[in-house]
Amino acid sequence: MNQSVLKTWRRAALALLAVFALAACSEPAPQSNTEEPSVVAAVSETERLNAWLDEQYAEQLESSPMTKTRLGDKSDYDELDDYSVAAEQADLEWLRSSVAEMESTFDVDALNDDGKLSYAMWQFSLERAEAGVPFRQHGYIFGRGGPHAYLPNFLINFHRVDTVADLEAYVARLGEIDRIFDQLLERSRAASAAGIRQPRFGYDFALAEIERVTAGAPFSSSDSSPNSPLWTDLQDKTGALVDEGLLDAEDAQRFTGEIRELLSTEVLGAYEQVASWLREDREFASAESQGVWALPEGEAFYNYRLAQMTTVDLTADEIHQIGLDEVARIQGEMETIKQTVGFDGTLQEFFVFMREDEQFYYPNTDEGRQAYLDLNNEYLDAITLKLPDYFGRLPKAALEVRRVEAFREQAGAAQHYNAGTPDGSRPGVFYSHMSDMSTLPIFQLEDVAYHEGNPGHHMQISIQQELEEVPRFRTQYRTTAYTEGWGLYSEWLAKEMGGFEDPYSDFGRLGGEIWRAIRLVVDTGIHSKQWSEEQAVQYFLDNSPQPEGAVRSEIQRYFATPGQATAYKIGMLKIQEVRRDAEQALGANFDIREFHDVVLGAGALPLPLLEARVDRWIRDSL
């Protein structure tokens with residue numbers, strides 16, 4: 001899950017302003033006339049708030065056509081978002097006004113518990129948006145996975161073409177790319193002038209991504225070159241309309257000619273402008289990779305990022321120490337598995353063995369890649385059969401496992417999940433970067449499958465999106481600590497569910513957990529303790545079986561997205577903590593299915609609100 005790379009964009013601004021307000025599942029509203037008057041009044045006031053929040057969310061969505069597309073809504077289908085500073089400020093002013101209206105219109109004391117949660121989340125959205133105002137320039141816009149890569153990905157994977165009008169909208173959106181790049185270049189230039197620049201490898205990443213997007217026809221002057229990703233996608237979608245009898249051959253030829261001209265002139269020109277600026281600004285970036293401590297107000301920015309990502313009040317030093325303690329604990333469990341498989345050597349030597357032995361990797365061939373995908377599906381199919389024993393509420397949405405598209409594929413980059421649409425018209429997708437199979441060890445395959453698929457991201461996000469009894473905004477919000485914490489908790493839970501029968505796969509599970517513990521150490525090391533890139537890489541290699549290529553990719557990710565990597569382990573620890581509290585308080589009456597429904601039924605809550613929700617459930621269950 002790599003969203004924070006894009007936080008300075010207009011889409012992420014919308015998510016920050018709107019989405020920090022999501023997340024809770026309400027109990028069915030009492031309808032009986034025998035209810036106490038105070039309970040009936042609370043339900044009535046909550047229903048009134050819910051209706052108002054739905055109106056607010058619908059109004060807020062009007063400022064983001066791209067968010068609507070991701071949700072399966074085709075209104076404003078020919079438009080892309082406004083990424084200007086003025087638009088971001090307008091969103092903030094709108095949210096300020098909305099929260100003020102809520103506070104003056106609704107009596108919080110008259111709401112039921114679920115209504116109070118919605119009320120608090122809407123307020124919290126404004127608090128987080130206000131906290132980010134001083135750091136609007138601190139995001140690395142045209143860095144790894146930036147708009148130059150995200151926009152083609154959005155058009156290819158989210159813009160469905162079911163009608164001729166949809167194809168016309170696609171063409172119109174292509175014509176918007178130069179406007180968006182102009183807006184974001186203006187912001188990037190201002191940040192650079194203020195001394196805010198990403199490490200040099202970020203420029204190289206972006207330039208390589210641009211090269212992959214613009215490689216091939218019609219961007220290339222050679223007719224013999226392979227088609228570019230956008231051109232391939234447009235031809236496929238146009239051809240599908242012809243096959244379905246919705247577009248005749250003459251109109252299809254007109255469309256493809258118009259699209260070819262647009263791509264080879266306006267769109268190519270926009271990409272060349274960005275590439276030119278990246279090459280120019282790269283020369284001003286430090287030759288040595290530095291954390292955000294080196295930026296203006298860098299310490300304050302990092303503290304803000306930690307608070308945003310973890311949703312708890314922990315200092316960088318505290319997070320660093322938690323990481324060190326967790327690394328030591330997990331290594332003790334790793335020693336046990338090392339002895340179980342009969343390896344004669346130190347734990348670090350065992351890491352090297354796991355990292356380098358050929359038995360743990362599929363060949364770097366199409367057959368090897370397909371075998372990797374097939375094994376993912378086998379594990380996911382098996383764990384899905386066990387879900388009803390641990391969960392009352394199950395997801396309805398389909399899940400697919402795919403290779404990342406070539407234009408955005410990076411050797412060693414993190415596997416990730418893209419949510420489907422709430423109505424199920426687009427499935428959830430678990431993506432793997434497979435250009436270099438030596439970065440995808442088989443012993444970690446099972447662990448990653450559970451994290452990205454079921455019972456991890458796919459299950460949690462799908463259930464949240466499918467909630468019907470709550471204000472709509474609560475079905476879409478993601479807090480990183482909750483979402484990624486649940487993903488990591490799911491790896492641990494899958495062991496309890498009968499997974500990881502092979503000791504090497506179980507070692508891979510511990511490798512996944514220690515990987516997230518290491519993140520606490522290296523992220524704070526980089527951005528608070530001024531660690532070098534090599535220092536961070538070496539700590540990772542010394543304490544994990546992760547392949548070196550994957551480690552180096554990960555470390556560069558942490559430089560580019562400060563604080564994000566700390567959310568996983570902090571979130572997992574909190575979910576494990578509230579589960580222990582429930583087990584101890586309820587004893588024999590503890591029901592794992594009920595507990596998971598309480599946790600998942602409220603959406604991606606900030607961790608303090610999750611803890612409060614579980615505490616209420618415990619009290620009600622005693």
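Throughout, read-outs are computed from the coordinates displayed, never taken from laboratory work. No experiment lies behind these values; they were computed from the predicted model shown. Every residue, glycine as well, gets a Cβ built from its backbone with ideal geometry; the counts of neighbours run over all protein chains shown.
Dividing the helix sum by the residues of the chain, where each DSSP H run of 4 or more adds -39500 (n - 2.57), gives a mean residue ellipticity at 222 nm of -19500 deg cm²/dmol. The DSSP beta bridges internal to the chain are antiparallel in roughly 35% of cases.
Determine, from the Cβ-Cβ distance of residue 261 and residue 75 and an R0 of 30 Å, the FRET efficiency 1/(1 + (r/R0)^6), rounded to the nearest 0.05.
0.60
Between 359, 390, 413, the Cα set farthest toward the positive side of the dipole of the stretch 356-415 (charges on each charged residue's Cβ, about the Cα centre) is that of 390.
Using a Förster distance of 25 Å, how high is the FRET efficiency between residue 113 and residue 581, based on the Cβ-Cβ distance and rounded to 0.05? Efficiency at R0 = 25 Å is approximately 0.85.
Sorted by mean Cβ packing within 10 Å, highest first, what order do the peptides 426-434, 104-112 take?
Highest to lowest by the protection proxy: 426-434, 104-112.
Residues whose amide H comes within less than 5 Å of that of residue 227, counting only those at least five positions distant or on another chain, are 217 (H built at 1.01 Å from N in the peptide plane). With Cα Rg over 2.2 N^0.38 Å as the read-out, I listed (1) 1.07; (2) 0.97; (3) 1.51; which label goes with the value calculated from this structure? Structure-derived value, by its label: (2). Charge dipole (Cα centre; +1 on Lys/Arg Cβ, -1 on Asp/Glu Cβ; no other charges) of the stretch 330-459 amounts to roughly 640 debye. Our estimate of slack between residue 236 and residue 171, defined as 0.36 nm per intervening residue step minus the Cα-Cα distance, is 22.0 nm.
Amide H contacts of residue 391: none lie under 5 Å away among residues 5 or more positions distant or on a separate chain (H built 1.01 Å from N in the peptide plane; Pro and chain starts excluded). Taking the Cα centre of the stretch 60-130 as origin and assigning +1 to Lys and Arg Cβ atoms and -1 to Asp and Glu Cβ atoms, the resulting dipole is close to 200 debye.
Whole-percent P(r), the stretch 431-511, all Cα pairs, 5 Å bins from 0: 3, 14, 21, 20, 17, 12, 7, 4, 2, 0. Between the stretch 349-395 and the stretch 277-346, the C-alpha centres lie 26 angstrom from each other.
Could you compute Rg(Cα) / (2.2 N^0.38 Å) for the stretch 289-345, with N its residue count?
So the stretch 289-345 has a normalised radius of gyration of 1.71.
Ordering 213, 290, 188 by Cα displacement along the dipole of the stretch 185-299 toward the positive end leaves 290 in first place; charges were set at the Cβ atoms of Lys, Arg (+1) and Asp, Glu (-1).
With each label modelled as a point 7 angstrom along the Cα→C-beta vector, the residue 616-residue 254 pair spans 5.8 nm. Local charge for residue 420 was computed over the other residues whose Cβ lies under 11 Å away, with Lys and Arg +1 and Asp and Glu -1, and equals 0. For the peptides 549-558, 129-138, residues were scored by their other Cβ atoms within 10 Å and the scores averaged per peptide; the highest-first order is 549-558, 129-138. Ranked by the mean number of other Cβ atoms within 10 Å of their residues, highest first, the peptides 598-606, 365-373 come out as 598-606, 365-373. As I understand it, the dipole of the chain uses +1 on the Cβ of Lys and Arg and -1 on the Cβ of Asp and Glu, about the Cα centre. Which of 614, 155, 303 lies farthest toward its positive end? With unit charges placed on the Cβ atoms, the residue in question is 303.
Calculated over the stretch 503-566, the projected area of the Cα convex hull averaged across directions stands at 3.8 nm². Please report how far the C-alpha centroid of the stretch 72-106 lies from that of the stretch 170-186, rounded to the nearest whole angstrom. The stretch 72-106 and the stretch 170-186 have Cα centres separated by 20 Å.
Other residues within the sphere of radius under 12 Å centred on the Cβ of residue 471, judged by their own Cβ, net out at -3 (K and R +1, D and E -1).
Please give the charge dipole size of the chain, origin at the Cα centre, charges +1 on K and R Cβ atoms and -1 on D and E Cβ atoms. Round to the nearest 20 debye.
Working: 55 positive and 105 negative charges, 203 e Å.
Around 980 debye, computed over the chain.
Paramagnetic label reach from residue 548 (point 7 Å along Cα→Cβ; backbone nitrogen cut-off under 17 Å): within the stretch 336-359, residues 348-358.
Summing +1 for each Lys or Arg and -1 for each Asp or Glu, what net charge is found among the other residues whose Cβ lies under 14 Å from the Cβ of residue 194?
+1
Total lysine pairs in the chain at Cα distances under 20 Å, for residues eight or more apart or on different chains: 8.
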